[in-house]
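Accompanying notes for the structure given below.
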Amino acid sequence: MSRQWRIAVVGTGVVGELHVRSMKKLPNCQLVCVCDLENEKGKKALDKNSVSVPIYTDLLEMLKKEKLDSVHVCTPSGDHKGPVIAAMERGLNVLVEKPMEIQPDRIDEMVAVAKKRGVKLAGVFQNRWNEANRALRQAVRENRFGRISWAGVITPWYRTDQYYEEGGWRGTWKMDGGGAVMNQGVHQVDLMQWIVGPVKTVSAYASSRIHPKIEVEDTLTCALQFENGAYGTYVSTTGMWPGGPVRIEIGGEFGTAISENGLKRFEFKTPLPGDAELLERLSPAKAKDSGGGKAATDIGLDLHGKNMLAVYEAWERGEEAETFGPEARKAVAIIQAMYESARKNGSPVDVR
Ligand SMILES: NC(=O)c1ccc[n+]([C@@H]2O[C@H](COP(=O)([O-])OP(=O)(O)OC[C@H]3O[C@@H](n4cnc5c(N)ncnc54)[C@H](O)[C@@H]3O)[C@@H](O)[C@H]2O)c1
C-alpha cells in the first residue's frame, strides 16, 4: 500500500479513542488531528495512546486549517449527519461510526452529498470482519444450507444505569435514535441481512423493562420474514446481566451453523475438507473478549482495524468500501420498521 491517508477523528469518547488507537497500528493511516466539543476528551484520548496532535473544539476551524484526506466521525449517532456533510462539502472522504445515522432519509442526504462532491462515504460494521460471521455468509452464498428454514440472532447484553447516564445522549430518541437495537443491536441487524439476505417484513415488541429511566427500549423481540422465504427471530437487550455473546444461528435443508463468540457449529450434509479445521481454529474457547456483551469497551480492537484497513484499501483502488453508504443504510431501514411495528403492538411492517 503506497498512500498515506491524512486523517482526523471527530468525537473522541469511547469509540473515538478506539479509532486513535487503531490508527497507530495501520500502516496507511496517519492521525493528523482530533476534534471534540470538549478539549479534555480529546486530550484524554491522545494521552492514553501517547499521541500528540492538535486538538480542535471547532470542526469548521479544523477543516479550514488542516490538510486532510478523510475524517472519522465518532460523535453521538443523532449527530453524525452534520459533521459528515461538513467534511464531504470540503472534498473529504468520511468513515462514520455505526449507525451511519438514525433515520434512512438522513443517510440518503449524506449519500447524495458524497455523490455530488465525488467523495467516498463508508460506515463501520466491524463484526463483518469476524471470521465466523464471514464463514456463515460464505456458506449461504455457496448454497450449502439449501433452502434456509430459519435464522436467529440474539444479543443478550447488559448495560448499567451508569452507562446510560454517562454521555447524556445514550438512551434518547433524539441522539441515540433508539435503544438496545439502534445502538447495540444495529451490528447484528446488519449481520443478519448481510448473511441471510434482505428482510421483507418484521413484527416486533419492545419496551424498557430493566432501565425504566431511559425513554427508548432496552429489550426488543421480533419475528422476521426474509425475501428468500426464510423465517427469522431477532432479539436484542441490554437488560440480561451479566451479558453474554451474540449468537447467530442458521439452519436449512442441508445444514446448520452457529456463530457465538467464534464458530460453534458448522455442520452440513456434504462436508467440505476445510470445515473441521475452520471449527477448530475459530473455536469459541479461544475468544479473548465478550464482543461487547458485558460492556461497551469489551470489543476486540482487531476488527475495527480490519474494517478500517478494508475501507482504505477499497478507496485506494478507487472503489466503494464494502460498508458504503447505501449498504450501511439497510440496517437502519430494518430497525425503523421494527420500531414502527412495536409502536403498533407487533403488527407486521414491510421494510422500506
Ligand atoms: N463500532 C462500535 O462497536 C461502536 C461502539 C461504541 C460506540 N459506537 C458509536 O460511536 C458513536 C459514539 O459513541 P461513544 O460511545 O464513543 O460516545 P461518547 O459519548 O463516549 O463520545 C462521543 C464524543 O463526541 C463528542 N461530540 C459530541 N458532539 C460533537 C460534535 N458535534 N463535534 C465534535 N465532538 C462531538 C462528545 O464530547 C464525546 O466526547 C455512536 O454513534 C455510537 O453508536 C460504535
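The values are calculated or read from the model by the stated rules, or taken from the named source; none is laboratory data. Since the model is a prediction, treat every value here as computed from it, not as a measurement. Every residue, glycine as well, gets a Cβ built from its backbone with ideal geometry; the counts of neighbours run over all protein chains shown.
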* Asked: Among the residues of segment 136-148, is there at least one that is within 13 Å of the ligand (Cβ to nearest atom) and either part of a helix (DSSP H, G or I) or more than 15 Å from the chain's Cα centre (by Cα) (or both)?
  -> no
* What's the number of the condition Lys41 fails, among (1) near the ligand (Cβ under 9 Å from one of its atoms); (2) outside any loop (DSSP other than H, G, I, E, B); (3) closer than 26 Å to Thr323 by Cα; (4) not acidic (Asp, Glu)? -> (3)
* Structure fact -> Counting only residues in segment 1-36 that are within 8 Å of the ligand (Cβ to nearest atom) and within 17 Å of Lys65 (Cα to Cα), the one surrounded by the most Cβ atoms within 10 Å (Cβ to Cβ) is identified as Val10
* To do: Report whether or not Thr256 is under 23 Å from Ile335 (Cβ atoms) and of a type outside the set (Asp, Glu).
  => no
* Kindly list, by first and then second residue, each pair from a residue in segment 5-16 that is part of a loop (DSSP other than H, G, I, E, B) to a residue that is near the ligand (Cβ under 10 Å from one of its atoms) and modelled with pLDDT under 95, limited to pairs with Cβ atoms under 7 Å and residues at least 6 apart or on different chains. => Gly13/Gly167
* Asked: What pairs can you find where one residue is in segment 64-93 and over 28 Å from Tyr164 (Cβ atoms), the other is aromatic (Phe, Trp, Tyr) and surrounded by 19 or more Cβ atoms within 10 Å (Cβ to Cβ), and their Cβ atoms are less than 7 Å apart, with a gap of 6+ or different chains?
  -> Asp69/Trp5; Ser70/Trp5; Asn93/Trp315
* To do: Any residue in segment 255-283 that's closer than 21 Å to Ala151 by Cα: show its pairings with residues that are in a loop (DSSP other than H, G, I, E, B) and among the aliphatic types (A, V, I, L, M) at Cβ separation under 8 Å, as long as the two are six or more apart or on different chains.
  => Ser259/Val246; Glu260/Val246; Asn261/Val246; Asn261/Ala287; Gly262/Leu282; Gly262/Ala287; Leu263/Leu282
* Look through segment 67-111, keep the residues that are among the polar types (S, T, N, Q) and surrounded by 20 or more Cβ atoms within 10 Å (Cβ to Cβ), and return whichever of them is farthest from the ligand (Cβ to nearest atom). => Asn93
* Checking Thr57 against (1) closer than 24 Å to Gly318 by Cα; (2) within 11 Å of the ligand (Cβ to nearest atom), the condition it does not meet -> (1)
* Every pair of residues 6+ apart whose Cβ atoms lie under 7 Å, when the first sits in segment 146-164 and is touching a residue at least 60 places away in the same chain (Cβ under 8 Å) and among the polar types (S, T, N, Q) while the second is assigned to a loop (DSSP other than H, G, I, E, B) and surrounded by 15 or more Cβ atoms within 10 Å (Cβ to Cβ) -> Ser149/Ala230; Thr155/Val246
